[in-house]
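All remarks here apply to the structure that follows.
The values are calculated or read from the model by the stated rules, or taken from the named source; none is laboratory data. Predicted model only: the values in this text are computed from it and were never measured. Here the Cβ is made from the backbone with ideal geometry for all residues, glycine too, and neighbour counts use every protein chain on show. The area values use the complete protein model at the heavy-atom level, side chains included, leaving out ligands, DNA and RNA. Shrake-Rupley method; radii C 1.70, N 1.55, O 1.52, S 1.80 Å.
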Amino acid sequence: MRQRRTGFTLPEVISVLAVIGVLVSISTPMILNVQRNTRISSFVENIYAWRTAAISHYGDTGRMPLFDSAAPDASGLITNASGLRGWAGPYLVEPLSNPFDGEAYIGLIVASGPGGEFSFDLDGNGTMDISDALVLMVENVSEREARKLSEILDGDAEQVVGSGAWFARGRVKWRGVASNDRRYLLIHLANPS
(Lines give C-alpha, C1' and ligand atoms only; values in the text may rest on other atoms or scores of the structure.)
Protein backbone atom coordinates (compact mmCIF):
# COMPACT_ATOMS: atom_id res chain seq x y z
CA MET A 1 0.00 0.00 0.00
CA ARG A 2 1.30 3.40 -0.98
CA GLN A 3 1.54 6.09 1.59
CA ARG A 4 -0.06 9.38 0.49
CA ARG A 5 2.20 12.41 0.74
CA THR A 6 0.92 15.78 1.84
CA GLY A 7 2.08 19.07 0.38
CA PHE A 8 2.05 20.89 -2.93
CA THR A 9 3.23 19.63 -6.25
CA LEU A 10 5.79 21.54 -8.28
CA PRO A 11 3.22 22.74 -10.87
CA GLU A 12 1.01 24.09 -8.07
CA VAL A 13 3.89 26.03 -6.53
CA ILE A 14 4.91 27.45 -9.92
CA SER A 15 1.31 28.49 -10.64
CA VAL A 16 1.02 30.33 -7.33
CA LEU A 17 4.36 32.09 -7.88
CA ALA A 18 3.26 33.14 -11.38
CA VAL A 19 0.03 34.64 -10.02
CA ILE A 20 1.99 36.52 -7.33
CA GLY A 21 4.41 37.80 -9.98
CA VAL A 22 1.55 39.09 -12.14
CA LEU A 23 -0.06 40.85 -9.15
CA VAL A 24 3.25 42.48 -8.20
CA SER A 25 3.91 43.62 -11.77
CA ILE A 26 0.44 45.20 -11.94
CA SER A 27 0.53 46.90 -8.55
CA THR A 28 4.12 48.26 -8.54
CA PRO A 29 3.59 50.99 -11.17
CA MET A 30 0.41 52.11 -9.42
CA ILE A 31 2.21 52.34 -6.07
CA LEU A 32 5.09 54.30 -7.63
CA ASN A 33 2.63 56.66 -9.33
CA VAL A 34 0.87 57.34 -6.02
CA GLN A 35 4.23 58.04 -4.36
CA ARG A 36 5.25 60.45 -7.16
CA ASN A 37 1.90 62.27 -7.05
CA THR A 38 2.13 62.60 -3.26
CA ARG A 39 5.66 64.01 -3.54
CA ILE A 40 4.55 66.50 -6.20
CA SER A 41 1.47 67.59 -4.20
CA SER A 42 3.60 68.12 -1.10
CA PHE A 43 6.14 70.09 -3.15
CA VAL A 44 3.40 72.38 -4.56
CA GLU A 45 2.21 73.12 -1.01
CA ASN A 46 5.81 73.91 -0.04
CA ILE A 47 6.19 76.23 -3.04
CA TYR A 48 3.30 78.36 -1.77
CA ALA A 49 4.74 78.37 1.77
CA TRP A 50 8.20 79.38 0.48
CA ARG A 51 6.67 82.11 -1.67
CA THR A 52 4.73 83.49 1.30
CA ALA A 53 7.86 83.35 3.47
CA ALA A 54 9.94 85.15 0.85
CA ILE A 55 7.34 87.89 0.35
CA SER A 56 7.01 88.39 4.12
CA HIS A 57 10.80 88.56 4.45
CA TYR A 58 10.95 91.12 1.65
CA GLY A 59 8.13 93.17 3.20
CA ASP A 60 9.94 93.28 6.55
CA THR A 61 13.52 93.80 5.38
CA GLY A 62 13.27 95.24 1.87
CA ARG A 63 15.53 92.43 0.60
CA MET A 64 14.66 89.18 -1.11
CA PRO A 65 16.00 86.16 0.75
CA LEU A 66 18.56 83.97 -0.94
CA PHE A 67 18.78 80.30 -0.13
CA ASP A 68 21.40 77.72 -0.92
CA SER A 69 21.01 74.13 0.25
CA ALA A 70 24.74 74.14 1.01
CA ALA A 71 24.22 76.95 3.59
CA PRO A 72 20.58 76.80 4.76
CA ASP A 73 20.90 79.27 7.65
CA ALA A 74 22.28 82.03 5.43
CA SER A 75 18.90 82.78 3.83
CA GLY A 76 17.39 84.81 6.65
CA LEU A 77 14.21 82.75 6.43
CA ILE A 78 14.92 80.77 9.60
CA THR A 79 17.39 82.89 11.54
CA ASN A 80 18.62 86.45 11.20
CA ALA A 81 22.25 85.40 10.80
CA SER A 82 23.18 88.51 8.83
CA GLY A 83 21.46 90.95 11.22
CA LEU A 84 18.98 92.45 8.76
CA ARG A 85 16.94 95.40 9.99
CA GLY A 86 13.21 94.78 10.29
CA TRP A 87 13.61 91.00 10.32
CA ALA A 88 10.52 89.54 12.02
CA GLY A 89 11.08 85.83 11.38
CA PRO A 90 11.45 83.00 11.46
CA TYR A 91 9.55 82.83 8.19
CA LEU A 92 10.08 79.08 7.82
CA VAL A 93 10.33 76.35 10.43
CA GLU A 94 12.83 74.24 8.49
CA PRO A 95 15.07 74.82 5.47
CA LEU A 96 13.99 74.08 1.92
CA SER A 97 14.61 70.51 0.82
CA ASN A 98 14.58 68.83 -2.55
CA PRO A 99 11.83 66.19 -2.60
CA PHE A 100 13.00 64.70 -5.90
CA ASP A 101 16.57 64.04 -4.80
CA GLY A 102 17.53 64.78 -1.21
CA GLU A 103 21.18 65.26 -2.12
CA ALA A 104 20.58 67.60 -5.07
CA TYR A 105 20.65 71.39 -5.04
CA ILE A 106 17.64 73.53 -4.21
CA GLY A 107 17.88 77.28 -3.88
CA LEU A 108 16.15 80.64 -3.98
CA ILE A 109 17.87 83.04 -6.31
CA VAL A 110 17.10 86.58 -7.40
CA ALA A 111 17.41 86.54 -11.16
CA SER A 112 17.77 89.78 -13.03
CA GLY A 113 18.53 90.98 -16.50
CA PRO A 114 16.59 90.88 -19.73
CA GLY A 115 16.05 87.59 -21.55
CA GLY A 116 17.88 84.40 -20.81
CA GLU A 117 16.95 81.36 -18.80
CA PHE A 118 15.79 83.34 -15.77
CA SER A 119 13.19 85.34 -17.70
CA PHE A 120 9.56 84.23 -17.61
CA ASP A 121 6.69 84.54 -20.08
CA LEU A 122 3.91 84.57 -17.49
CA ASP A 123 1.06 85.48 -19.84
CA GLY A 124 2.08 82.98 -22.55
CA ASN A 125 2.22 85.47 -25.42
CA GLY A 126 5.74 84.54 -26.49
CA THR A 127 7.56 87.54 -24.98
CA MET A 128 9.41 87.56 -21.70
CA ASP A 129 7.40 89.53 -19.14
CA ILE A 130 9.59 89.14 -16.10
CA SER A 131 13.34 89.49 -15.98
CA ASP A 132 13.72 90.39 -12.28
CA ALA A 133 12.26 87.64 -10.13
CA LEU A 134 12.67 85.46 -7.10
CA VAL A 135 13.20 82.03 -8.59
CA LEU A 136 13.19 78.59 -6.99
CA MET A 137 15.83 76.39 -8.64
CA VAL A 138 15.59 72.63 -8.11
CA GLU A 139 18.03 70.07 -9.52
CA ASN A 140 17.31 66.52 -10.68
CA VAL A 141 13.67 66.91 -11.62
CA SER A 142 12.53 64.55 -14.37
CA GLU A 143 10.55 65.78 -17.35
CA ARG A 144 7.52 63.82 -16.14
CA GLU A 145 7.66 65.54 -12.72
CA ALA A 146 8.26 68.94 -14.33
CA ARG A 147 5.26 68.45 -16.65
CA LYS A 148 3.05 67.58 -13.70
CA LEU A 149 4.23 70.67 -11.80
CA SER A 150 3.63 72.84 -14.86
CA GLU A 151 0.16 71.37 -15.23
CA ILE A 152 -0.64 72.22 -11.60
CA LEU A 153 1.00 75.67 -11.43
CA ASP A 154 0.43 76.89 -15.01
CA GLY A 155 -2.33 74.65 -16.30
CA ASP A 156 -0.50 74.25 -19.61
CA ALA A 157 1.31 70.91 -19.76
CA GLU A 158 -1.67 68.99 -21.10
CA GLN A 159 -2.51 71.64 -23.70
CA VAL A 160 0.76 71.26 -25.56
CA VAL A 161 1.50 67.53 -25.35
CA GLY A 162 4.32 66.55 -27.66
CA SER A 163 5.68 70.09 -27.75
CA GLY A 164 8.49 71.75 -25.87
CA ALA A 165 6.39 74.90 -25.43
CA TRP A 166 5.01 73.90 -22.03
CA PHE A 167 8.30 74.64 -20.28
CA ALA A 168 8.98 77.86 -22.18
CA ARG A 169 6.01 79.82 -20.84
CA GLY A 170 4.37 80.33 -17.50
CA ARG A 171 5.86 80.09 -14.01
CA VAL A 172 7.57 76.73 -14.57
CA LYS A 173 10.67 76.27 -16.75
CA TRP A 174 12.55 73.00 -17.10
CA ARG A 175 16.00 72.37 -18.49
CA GLY A 176 16.70 68.77 -19.48
CA VAL A 177 20.46 69.26 -19.53
CA ALA A 178 22.35 72.11 -17.96
CA SER A 179 26.02 72.92 -18.38
CA ASN A 180 26.85 70.49 -15.58
CA ASP A 181 24.69 67.70 -17.11
CA ARG A 182 22.04 68.05 -14.40
CA ARG A 183 18.34 68.50 -15.04
CA TYR A 184 16.86 71.43 -13.22
CA LEU A 185 13.57 73.19 -12.75
CA LEU A 186 13.00 76.94 -12.38
CA ILE A 187 9.82 78.22 -10.75
CA HIS A 188 8.93 81.92 -10.67
CA LEU A 189 7.85 82.76 -7.10
CA ALA A 190 7.60 86.54 -6.90
CA ASN A 191 8.74 89.85 -8.34
CA PRO A 192 10.88 92.04 -6.11
CA SER A 193 9.10 95.36 -6.35
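Site pair Tyr105 and Val22 shows an inter-label distance of 4.9 nm when each label is modelled 7 Å from Cα along Cα→Cβ.
If R₀ is 35 angstrom, what is the calculated FRET efficiency for the pair Thr6 and Asn33, using the beta carbon separation as r and rounding to 0.05?
Numbers: r = 42 Å, r/R0 = 1.21.
Between Thr6 and Asn33 the formula returns 0.25.
The solvent-accessible area of Lys173, taken with every protein chain present and a 1.4 Å probe, is close to 10 Å².
Of the whole protein surface, Ser41 contributes about 60 Å² of accessible area at a 1.4 Å probe radius.
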